[in-house]
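First comes the structure, then the notes that go with it.
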2 protein chains.
Amino acid sequence: MMIGVVAGAGPFAGLDLLGKILAQTQATRDQEHLTVLSLSLPEAIADRTAFLLGETAVNPAYAIAAQFAQLAQAGASVAAIPCNTAHAPPIFDVVRAELARQAVTLRLLHMIQAVGGFLQAHFPHVRRVGVLSTTGTAVARIYPLHLEPLGYTVLTPPPGVQQGHVHRAIYDPDYGIKACGVATDRARADALAGARWLQEAGAELLVLGCTELPLAIPEATLGPTPIVDATLVLARALIQAVAPQKLRPWRLRS
Amino acid sequence: MMIGVVAGAGPFAGLDLLGKILAQTQATRDQEHLTVLSLSLPEAIADRTAFLLGETAVNPAYAIAAQFAQLAQAGASVAAIPCNTAHAPPIFDVVRAELARQAVTLRLLHMIQAVGGFLQAHFPHVRRVGVLSTTGTAVARIYPLHLEPLGYTVLTPPPGVQQGHVHRAIYDPDYGIKACGVATDRARADALAGARWLQEAGAELLVLGCTELPLAIPEATLGPTPIVDATLVLARALIQAVAPQKLRPWRLRS
């Protein structure tokens, strides 16, 4: 079974997912690692947040679907895209529809549903979940859509904190993670400002619901609050789908 | 133009190359990064050193060629494998012959030739080059074969240092980089023992001629001695081949 990854949205998130698939696989030599086909073709995929905010009419879903189809044709049987914002229904539902229309045989995992399952399995007593994300993910209410039916209350930062801090940590052209490829001190400070707001609002757990954010907040906990990295959860879901016996046991600090 | 990477030999080296392609590309947003298709299928590729030492009769060249052919079929036009040992003539010549036999259209870059060109461009005054590698790479004399015709003297550790230290840094089942996926303190100490031997033997520059070694020796220099990471050189050669205008200027400390 070959894992397929649409790795260009964005490319550092793709790299991060590939690394987490390796790190979460039990293997003592090269040959025991899983088969992974990764296509990073970022040029073709328009910015997901820009589409959700109406700044571009180009739905990135078509390019994403085409890349999944290419992975399937090359042999992938289970696939995912490590981009939370791409899971907004106006994008992800169109990806699914396109793959169905083209009769592509591929099991497509859903990153945010995977996070929901992960919370139920590992944090059964948590109810109030804080989510840090792009503005696109927040506006599209992707996390509430998938976590509220499971009984969670989803907290997100108010517009001032979202636009003035969290969004800039990711997108600022001078110090944002997408521009720099690393988390600058200022990007980390902005991400932490969002995290602190959520803690003060009563979040019992924080989901890093944008694949750039684990670069800025690599910790397993912030004070008493556990941090759940959606990319790590997706890596584990992919391993679980193709080789459950090779999935490393989960620990909060690993 | 799509870059293809045979990324499973070993999978951490593949990941490292993908990260270095991103890091060496000039881009200020996701969409400016290059197109990269990466296939990590380590299960199919027998250990390269084991083959060169006669411990297995299975030449990994056939599996490697099949994976290059798969990348070409999926659209890659320039490709490479981030494994120094796979560039031993008994392996790499067979890869090339297989691709020619199957009429695969693909520009295959050669990691060690790329290192030779890099040394000529950036270290024109260096003559004595120390190489740290697997025992397979050393026994197959891959680096002397490609660097001596350019006028370099290639130094490698004597068998005791090679087997007792350098090889174990990479392969030891308890603390080696391949088993652990990270450089343990002991793996680093073993790699540094090899580096010091080469420095004392008069090496003016050290090539990390095994893709695992940059994990153990991430420094740009060891004392006065510049370190050249063959994986970084290969990343730059791939960018140069598809989008030279996007290649970051090279600096010894970057």
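Every read-out reported here was derived from the displayed coordinates using simple, explicitly stated rules and does not represent laboratory data. None of these values were measured; they are calculated from a predicted model. For neighbour counting, all protein chains shown are included, and Cβ atoms are generated from backbone atoms with ideal geometry for every residue, glycine included.
Explain nothing, just compute: Karplus ³J(HN,Hα) = 6.51 cos²θ - 1.76 cosθ + 1.60, θ = phi - 60°, for every residue of the range B:38-49 in order, whole Hz, x for Gly and Pro.
Residue by residue, the range B:38-49 yields 10, 10, 9, 9, x, 4, 7, 9, 5, 4, 5, 5 Hz.
Give me the net charge of A:L147's neighbourhood, meaning all other residues with Cβ under 12 Å from the Cβ of A:L147; Lys, Arg count +1, Asp, Glu -1.
+2
In square nanometres and to one decimal, what's the mean projected area of the convex hull around the Cα atoms of the protein assembly as shown?
Approximately 23.3 nm², given one-decimal rounding.
Along the charge dipole of the range B:131-227, Cβ charges K/R +1 and D/E -1, which of B:T137, B:A216, B:Y152 sits furthest on the positive end?
Of the listed residues, the answer is B:T137.
So what is the 222 nm mean residue ellipticity for chain B from helices alone, if each DSSP H run of at least 4 adds -39500 (n - 2.57) and you divide by all residues, rounding to the nearest 500 deg cm²/dmol?
-12000 deg cm²/dmol
Once both labels are modelled 7 Å past Cα along the beta-carbon direction, what's the B:E55-A:Q102 spacing in nm?
Rounded to a tenth, the inter-label distance reads 4.3 nm.
I'd like the trypsin sites (Lys or Arg not before Pro) in the range A:140-244 restricted to DSSP loop residues with at most 16 other Cβ atoms within 10 Å, sorted by number.
Sparse-neighbourhood loop trypsin sites (Lys or Arg not before Pro): A:R141.
Using only the Cα atoms of the range A:34-97, build the gyration tensor, take square roots of its eigenvalues as a ≥ b ≥ c, and label the shape rounded, prolate or oblate: rounded if a/c is under 1.5, else prolate if a/b is larger than b/c, else oblate.
It is prolate, given that a/c is not under 1.5 and a/b is the larger ratio.
Along Cα-to-Cβ, 7 Å out, sits the label point; list in nm, shortest first, how far the one on B:L53 is from those in the other copies.
Sorted ascending, the copy-to-copy spacings read 5.6 nm.
Using a ≥ b ≥ c from the Cα gyration tensor of the range A:163-240 (square roots of the eigenvalues), is it rounded, prolate or oblate, where a/c under 1.5 gives rounded and otherwise the larger of a/b and b/c decides, a/b for prolate?
oblate
Considering only the label points, 7 Å along Cα→Cβ from Cα, what distances in nm to one decimal separate B:F123 from the same position in each other copy, shortest first?
Nearest to farthest, the other copies are at 4.8 nm.
Among A:M2, B:M1, which comes first, then next, by fewest other beta-carbon atoms within 10 Å?
Least to most surrounded, the residues fall as B:M1, A:M2.
Can you compute 3J(HN,Hα) from phi for each residue in the range A:104-121, using the Karplus curve 6.51 cos²θ - 1.76 cosθ + 1.60 with θ = phi - 60°, rounded to whole Hz and x for Gly and Pro?
Karplus values, whole Hz, x for Gly and Pro: 7, 8, 7, 8, 9, 7, 10, 4, 7, 4, 4, 5, x, x, 5, 4, 4, 6.
Tell me, what HN-Hα J-couplings in whole Hz come from the Karplus equation 6.51 cos²θ - 1.76 cosθ + 1.60 at θ = phi - 60° for each residue of the range B:189-196, using x for Gly and Pro?
Those phi angles translate into 4, 5, 5, 5, 4, x, 4, 5 Hz.
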